[in-house]
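A.B. asks: Structure provided below as structure tokens; questions to follow.
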Amino acid sequence: MKTLKATLFLLFFIHLGFGQKRDVINDQAIQFSIKQKKDTIHFILIDTKLDEIKPVFLFCQGSLPMPLFVKPAKESMWMIGGGITNFDLNEIKKNYHLIVISMPKTPVIVDEKHLNKSYCYIPNENEPDEFDKDYVQADFLENYEARAQKVLQFLRKQKWVDHSKLIVAGHSQGSKVATLIALNNKKVTHLGLFGANPFGRIDQNIRTYRKEAERKEITWQQANEDIEKTYQMYRDAYDNETLRKDPNLLSWKSFSRPLVNDWLQIKIPTYLAYGTNDIAADLCDLVPLFYIQNAKDNLTYKRYLDLEHNFFEINADGTTNYEKAHWQEVMNEFIKWTKK
């Protein structure tokens, strides 16, 4: 009788863990929310049910306040999901619970009228270049990492999570967030970096001006002036008084932190993928040298020839060919690597 009672209790407990009502969005994802004093962290799991125990794959999206879902006036709702709609979601879901965290101070679902041409959330539809002030103040690296760590703490307590692996990956700005998570969370077992800039962010502007001058698109005098202005902007980002007046500089300050120093401290398997036509990731070609110098062998890198920042092909005139996408191939290779 005691054994029967114990079994019934266990089945009831499992039912509570797996069968409770979920907030399903668009028959695509389950939304969760973690309430804090000054912030509510929203995140989604790309599934509609939780009847399998699988490891977590946290994908850290790139920059800008894009919602996870868009609600048009007349058409059906559709998912941005931080860019994951470019992936082979079924392939990922075979092995992992795919998680994406909403951008700070950005609604999960946004009416299309509150998006600008870049699909960024704007509170006032008449001011397409003005982001929410709360978002601007929350848009810094350490905040993204802290929010993600809260989500991972929550997920560790869920009965549908397998703790044998924890995959954390990010694209572009998200690669910086993923790096900090892996650096500070010993539960992470695999780190994925896509379209990453190993030396931060602001250096990309300086390299862009140099290349424009080399291609004679601008004069070297103009390039020199633009580079000097970039230096001054960065000085301002480190000046507390200027920073208070212009909180947009906070993002430049925090995300210009060089990543390569952090990567060299990370001991878990690390995967670096980038396109050769991506100026943000140009300097990834130097990264293996640092690993060699430091006798580290935990880096796997994949160089995708003639692809740009989002792994599209490039036309002969240098423009992006949006008909020839390779994100699925890129991500599936990473998924294979995590299973080795």
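The values are calculated or read from the model by the stated rules, or taken from the named source; none is laboratory data. Computed from a predicted structure; not experimentally measured. Please note: Cβ atoms are built from the backbone with ideal geometry, for glycine as well, and neighbour counts cover all protein chains shown. Quick note on the areas: whole protein, heavy atoms, side chains included, nothing else; ligands and nucleic acids left out. Shrake-Rupley method; radii C 1.70, N 1.55, O 1.52, S 1.80 Å.
A.B. asks: For the range 27-78, how many residues are open to solvent by less than 60 Å² (accessible area, probe 1.4 Å), touching a residue at least 40 places away in the same chain (Cβ under 8 Å), assigned to a loop (DSSP other than H, G, I, E, B) and over 27 Å from N248 (Cβ atoms)?
C.D. replies: Total meeting the criteria: 5.
A.B. asks: Being crowded, with 24+ Cβ neighbours inside 10 Å and among the polar types (S, T, N, Q) is the filter; apply it to the range 173-194 and report the residue that is farthest from I279 (Cα to Cα).
C.D. replies: Checking each candidate, the answer is T179.
A.B. asks: I'm trying to understand the selection: among the residues of the range 255-281, which are in a helix (DSSP H, G or I), buried (at least 19 other Cβ atoms within 10 Å of the Cβ) and either under 16 Å from the mean Cα position of the chain (by Cα) or not hydrophobic (A, V, I, L, M, F, W, C) (or both)?
C.D. replies: If the condition is that a residue be in a helix (DSSP H, G or I), buried (at least 19 other Cβ atoms within 10 Å of the Cβ) and either under 16 Å from the mean Cα position of the chain (by Cα) or not hydrophobic (A, V, I, L, M, F, W, C) (or both), then F255, A280, A281 are the ones that fit.
A.B. asks: Tell me which of these N298 doesn't satisfy, since it passes every other one: (1) more than 21 Å from S172 (Cβ to Cβ); (2) open to solvent by 40 Å² or more (accessible area, probe 1.4 Å).
C.D. replies: Of everything listed in (1) more than 21 Å from S172 (Cβ to Cβ); (2) open to solvent by 40 Å² or more (accessible area, probe 1.4 Å), N298 misses just condition (2).
A.B. asks: In the range 79-102, which residues are part of a loop (DSSP other than H, G, I, E, B), of a type outside the set (S, T, N, Q), within 16 Å of the chain's Cα centre (by Cα) and surrounded by 20 or more Cβ atoms within 10 Å (Cβ to Cβ)?
C.D. replies: Pass one, the range 79-102, residues part of a loop (DSSP other than H, G, I, E, B): 80, 87-88, 94-96, 102.
If we keep only those that are of a type outside the set (S, T, N, Q) too, we end up with 80, 87-88, 94, 96.
Filter again for within 16 Å of the chain's Cα centre (by Cα), leaving 80, 87.
Once the filter is applied, which keeps residues that are part of a loop (DSSP other than H, G, I, E, B), of a type outside the set (S, T, N, Q), within 16 Å of the chain's Cα centre (by Cα) and surrounded by 20 or more Cβ atoms within 10 Å (Cβ to Cβ), the range 79-102 yields only F87.
A.B. asks: OK, next. Considering each of V136, V161 in turn, give the residue that is of a type in the set (V, I, T), touching a helix residue (DSSP H, G or I) at 6+ places or on another chain (Cβ under 8 Å), closer than 17 Å to I92 by Cα and open to solvent by 10 Å² or more (accessible area, probe 1.4 Å).
C.D. replies: Every option except V161 fails the conditions.
A.B. asks: Kindly indicate which of E333, E323 is over 30 Å from K133 (Cβ atoms) and part of a strand (DSSP E or B).
C.D. replies: Numbers: E333 fails: part of a strand (DSSP E or B).
Just one listed residue meets the conditions, E323.
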